[in-house]
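Here's the structure, in structure tokens; my notes come after.
The values are calculated or read from the model by the stated rules, or taken from the named source; none is laboratory data. These numbers were taken from a predicted model, which means no experiment stands behind them. No Cβ is skipped: glycine too gets one built from the backbone with ideal geometry, and neighbour counts run over all protein chains shown.
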Amino acid sequence: MLQGGRGNLHPFHAPIVKGMSSLPGLSSLFVLLSCLSFLVFFIPGRHRKYAAIAGWAFIILFLYAEIPYYLSQNNLMYPAFAILSIPFFYVTARRLLRKDPAVLRLSLAAAVAFLIYAPFGYYPPLGNWLIGVVTGQVLWLLQAVGAPAAVLDWNLIGRNGFRIEIILACTGIQSMAIMLGVAAGVPTTLRQKLVAFLLVVPTIYVLNLLRNVFVILAYTDQWFPFLPEIASNGEYGYESFFWAHNILAEGGALIALVIVAYGLFTLIPQLAVWASALVTIYREDLTRAARAGTGSAR
């Protein structure tokens, strides 16, 4: 996650215990530096490849700074991403130094994603406005399905003695920015841009609302109080939050993003060609590096 909190939904139960990253200030700094690096990437010049490398490097540093927090929440997906980011960065930096067109386009996609995200992540009035809108709509959906809840604060929902904080990551803005960035990775017509926006933004926004409702219901009604030896973090009732949010909701979100990406590839065939080129590049470079490492070990 990028800013405004940690995770998608924060579970609270009396006594209130709020999960925090061990390096919140440093994490935010890495995100800001990555954002600035990718914005510099937009400026024409010989420096662009170095700006892109810096942008990717700060993203990876952010992932590693967040590992203690995610482990404290029994969330293994993001630590796994951090481990996998090292070989990804090796190939990316290597190809950027060579000005590889496909990897330059990948960096352009990241830069566009940051450009979309930045106003919400770094201008609190706008980010808080979006959080407030999502909070109100989640409350409405809960009431619509017969699950009475109350807004305890502008971004805090209470139900059955539990309290859940809606943060910026709960709004889906990161996923929308990433997918719109992907759509911007290749040249498109105005019509393709418009249809891509209509495919990405409403779909992800609605699915994200439903995901929030599912997690809140599962947590506040304690649907999944299973295997506390692996799902508990010491907070009362956290097991249901773990299974609903860290496993089912995040897994469902990944599947949804794959489906949206497939829709984009169908709408913009050039994206499929570009994605295929990237897969070939990373597979070949990593295979070559692995063989070289094996040979030197011998």
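Some observations on this one:
- Region 122-178, residues that are touching a strand residue (DSSP E or B) at 6+ places or on another chain (Cβ under 8 Å) and either of a type outside the set (A, V, I, L, M) or not assigned by TED's automatic domain parsing to the domain that holds TYR238 (or both): THR135, GLY136, PRO148, ASN155, GLY158, ARG159, GLY161, PHE162, ARG163, GLU165, CYS170
- The single condition among (1) touching a residue at least 60 places away in the same chain (Cβ under 8 Å); (2) touching a Phe, Trp or Tyr at 6+ places or on another chain (Cβ under 9 Å); (3) closer than 28 Å to ILE59 by Cα; (4) of a type in the set (S, T, N, Q) that THR171 does not satisfy is (1).
- Single residue of region 74-95 satisfying the filter (outside any helix (DSSP H, G or I) and surrounded by fewer than 20 Cβ atoms within 10 Å (Cβ to Cβ)) that is farthest from the chain's Cα centre (by Cα): ASN74
- Helices (runs of 4 or more DSSP H) wholly inside region 237-298 containing at least 1 residues that are surrounded by fewer than 18 Cβ atoms within 10 Å (Cβ to Cβ) and in the same structural domain as GLY181 (by TED's automatic domain parsing): 250-267, 269-297
- Residue check for ALA275: at pLDDT 90 or above and farther than 30 Å from GLY161 by Cβ: yes
- Residue in region 221-235 that is crowded, with 19+ Cβ neighbours inside 10 Å and in contact (Cβ under 8 Å) with a residue 40 or more places away in the chain present: no
- Members of region 162-171 that are surrounded by fewer than 24 Cβ atoms within 10 Å (Cβ to Cβ) and farther than 17 Å from TYR122 by Cβ: PHE162, ARG163, GLU165
- Residue check, ALA52 surrounded by fewer than 21 Cβ atoms within 10 Å (Cβ to Cβ), assigned to a helix (DSSP H, G or I), modelled with pLDDT of 95 or more and not assigned by TED's automatic domain parsing to the domain that holds LEU248: no
- All positions within region 41-71 that are free of Cβ contacts under 8 Å to residues at least 24 places away in the same chain and of a type in the set (A, V, I, L, M, F, W, C): ILE43, ALA51, ALA54, LEU63, ILE67, LEU71
- GLY181 being touching a helix residue (DSSP H, G or I) at 6+ places or on another chain (Cβ under 8 Å), of a type outside the set (Lys, Arg) and not in a helix (DSSP H, G or I): no
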